[in-house]
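Inspection log for the structure reproduced underneath, given as structure tokens.
Each value in this text was obtained by applying a stated rule to the coordinates, not by laboratory testing. Here the structure is a predicted model, which means the values were calculated and not measured. Counting neighbours? That spans all protein chains shown, and the Cβs are built from the backbone with ideal geometry, glycine included.
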Amino acid sequence: MDESPLILSGKICPYCGKESELIDSAEIYNGKSYGKMYICRPCDAYVGCHWSSNKALGRLANAELRKYKHEAHNAFDQIWEKHLMGRRKAYTWLSQQLGTKRHLTHIGMFDVDLCKKVIHLSTDYINEHTSK
């Protein structure tokens with residue numbers, strides 16, 4: 001995982017290295033605004049911002065990474081949604097499994113490889129703890 005603060009904050013595109021542009025998400029979502037987002041138009045990479053701020057929710061993601069981030073969340077979130085462990089504890093567990101710093105253990109900051117690991121680890125954990 002690239003730990004560059006400018007990449008993890010959405011300010012620099014991890015694909016081309018150029019500065020991203022801050023826009024209203026309505027440009028991406030056919031006129032429906034969900035707040036601000038950063039975009040790199042040439043790479044078709046973007047990331048949303050926390051509601052009512054310019055703080056990115058992670059790194060810019062192209063179509064492939066957006067797909068894997070979605071799948072990683074679907075798999076991982078089940079751990080705490082099914083009450084197999086609390087959300088905070090689940091992120092600590094994930095950090096330990098991935099060998100990432102706890103404050104950088106957010107799917108929004110992950111690349112494709114880390115998202116694939118999250119999917120695998122989460123699926124294994126859920127299967128192990130729900131098939132009894």
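List of remarks:
- Distance between the 7 Å Cα→Cβ label points at R102 and A63: 3.9 nm.
- Other residues whose C-beta falls under 14 angstrom from the C-beta of E71 contribute a net charge of +1, scoring Lys and Arg +1 and Asp and Glu -1.
- Neighbourhood charge, 12 Å Cβ-Cβ cut-off, centred on Q96 and excluding it, Lys, Arg +1 and Asp, Glu -1: +3
- D111 paired with Y15, simple spin-label distance in nm, labels 7 Å along Cα-to-beta-carbon: 1.5
- Theoretical FRET efficiency, 1/(1+(r/R0)^6), r = Cβ-Cβ of K82 and D24, R0 35 Å, to 0.05: 0.45
- From helices alone, the chain scores -13000 deg cm²/dmol at 222 nm; the rule is -39500 (n - 2.57) for each run of n ≥ 4 DSSP H residues, then divide by the residue total.
- Computing mean projected area of the Cα convex hull in nm² for the structure here picks out one of [x] 8.3; [y] 10.1; [z] 7.6, namely [x].
- Measuring between alpha carbons in the structure, the pairs from K11/K89; K32/K67; K69/K89 lying more than 23 angstrom apart are K11/K89.
- Residue range of the chain that is longest and free of chymotrypsin sites (Phe, Trp or Tyr not before Pro) which are both DSSP loop and sparsely packed (at most 13 other C-beta within 10 Å): 52-132
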